Amino acid sequence: MNLILFRYILKHFVLIFFATLFALATVILLFDMIELLRESSKREAVAFLDLGVMALLKSPQMIHIILPFVVLISGIIFFLKFSHSSELIVMRAVGMSVWNFIAPVVLMTFLIGVFDITVFNPFSALTAKKYERLEEHLGMTNSNPFSWSENGLWLRETHEDKTIVVRAGRVRQENNTVALDQVSLMELTPENQFLRQYEAPTALLQKGSLILKNPFVIDPVAETGEQAKDTSFKTDFTLEGILEKFDEPQTMSFWRFPRFIKLLKEAGFSPAVHQMYWHELIAYPITMVAMVFIAAVFALPTTTRQGKVLIRLILAILSGFLLYLLTRFTNVSGVSQSMPMMLAAWGPALIVIPLCITALLYTEDG
C-alpha cells in the first residue's frame, strides 16, 4: 500500500475520532454536571467549582466506557465521508482494495485501545479514587471506613463513646469468618485523642464483633504494657461488607491487577470480579476493532446502495449496542464461572469480526 495514502487515511480517521470523542465527552460532562447539581441540592450547599472538579474527575472513567461507541460513530462518519466524496472509488480504481482502505483504521483503533488500557486506564483509576475522596469530603456520600491493599487491611469505625482504627498485615477468609493476622488496634476518643493500643498475633471478625486473641495492651498514660486475655470489640463490619468493597475494579490500575488477584487468592477471597474485569481490559482493543468492522459493513458504498443510508446507520448503531450487551452478558457469565473467563472476554468480539469480514467479502469482493 502507498505510504502517502496510508498516512492520508490515518490522518482523516484520527481527526474524526478525536472530534467525535470531544463531542460525546462534552455531552457526558454536561449530564454529569446536571446530575451532581441535582444530588447536591439534597444536602448542604456545595460550591459550584467543587462540582465542576468532580465532573472532570469522573470524565476519564466515562471516556473509557464510551470509547468503543466513539470508534463506531467515528468509523461510520469516516467511511461515509470517503464514500460520498468518491475518494474510495478513485482509490479502488487505481488498484486499492477495500481491505487496504480498512487496514489503517483497524491499526489505529487497535493502538488507541492499547493506549487506553496501558496508559489512560491507570490515569482514569487515579481520578476515580480522587472523585470518591472528594465526594466523601463534601458529604455527598458516606465515608469509606475500609481500605485494603498490598499493605494490609485498614478499618475505622466510630461508636458513641470511642473510635477504633484497625490495621491487619494479612487477611484470610475461613468459611463465614474473616481471620486477621498481625493486628494493631488503636482506641480513640470521638475527638481523636489516643486512649490505648492493642497488638495481637491474630483476630477474628465475626458478625457484630472483632475478637483479638491474647492481645498485648499498651497504655500511653502509664507508659506500660501487659498481656491480656481475648478482647472483644463491637463492630458493624461483616464478611459481606468486606466482599462488597472488593467489587470496585474500576478504581484500580491495569498494572496492579495481577498482584492484587494473587493477593485475593492467597487471602481466600474470590478474585472472580477482578479477574473478569482484567480479561475485559485486555480484550478491549479487539472489541474496539470489532466496532470498526461493524461500521465498515454498514457504511461502505456498495452496501449503502442496497438500502437507505439512514436505515443502515440505525442498524450499525443497534449492532454496536448488541455487541456491548453481548459483552456485558458474557462478562456476567464469566464472573459466575458459568463460562471460561477467556471465552467470556474475547468471545463476542471474535464472533463479530469474522461475521463482518464475511459480509464485506460478500458485498465488496462479490
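The values are calculated or read from the model by the stated rules, or taken from the named source; none is laboratory data. Bear in mind that the values here come from a model prediction, so they are computed numbers and not experimental data. Don't worry about glycine lacking a Cβ; one is built from the backbone with ideal geometry, like all the others, and counts go over all protein chains shown.
Which of the following residues is surrounded by fewer than 15 Cβ atoms within 10 Å (Cβ to Cβ), modelled with pLDDT under 85 and not in a loop (DSSP other than H, G, I, E, B): Val119, Val90?
Details: Val119 fails: modelled with pLDDT under 85.
Step by step, each of Val119, Val90 is checked, and only Val90 is surrounded by fewer than 15 Cβ atoms within 10 Å (Cβ to Cβ), modelled with pLDDT under 85 and not in a loop (DSSP other than H, G, I, E, B).
Select from segment 309-335 the residues that are more than 28 Å from Phe79 (Cα to Cα) and either in contact (Cβ under 8 Å) with a residue 24 or more places away in the chain or not assigned by TED's automatic domain parsing to the domain that holds Met291 (or both) and list them in ascending order.
Step one: list which residues in segment 309-335 are more than 28 Å from Phe79 (Cα to Cα), which gives 329-335.
Result: Asn331, Gly334, Val335.
Test Val53 against the stated conditions and say whether it is surrounded by fewer than 22 Cβ atoms within 10 Å (Cβ to Cβ) and part of a loop (DSSP other than H, G, I, E, B). Can you show your working first?
Numbers: surrounded by fewer than 22 Cβ atoms within 10 Å (Cβ to Cβ): yes; part of a loop (DSSP other than H, G, I, E, B): no.
So Val53 fails the test.
Of all residues in segment 1-47, how many are part of a loop (DSSP other than H, G, I, E, B), within 29 Å of the chain's Cα centre (by Cα) and among the hydrophobic types (A, V, I, L, M, F, W, C)?
Filtering segment 1-47 down to residues part of a loop (DSSP other than H, G, I, E, B) leaves 1-2, 41-47.
Those left that are additionally within 29 Å of the chain's Cα centre (by Cα): 41-43, 46-47.
The next check asks that each one be among the hydrophobic types (A, V, I, L, M, F, W, C); those that pass are 46-47.
So the answer is 2.
Output the number of residues of segment 107-141 satisfying the condition of being in contact (Cβ under 8 Å) with a residue 40 or more places away in the chain and over 22 Å from Val14 (Cα atoms).
14
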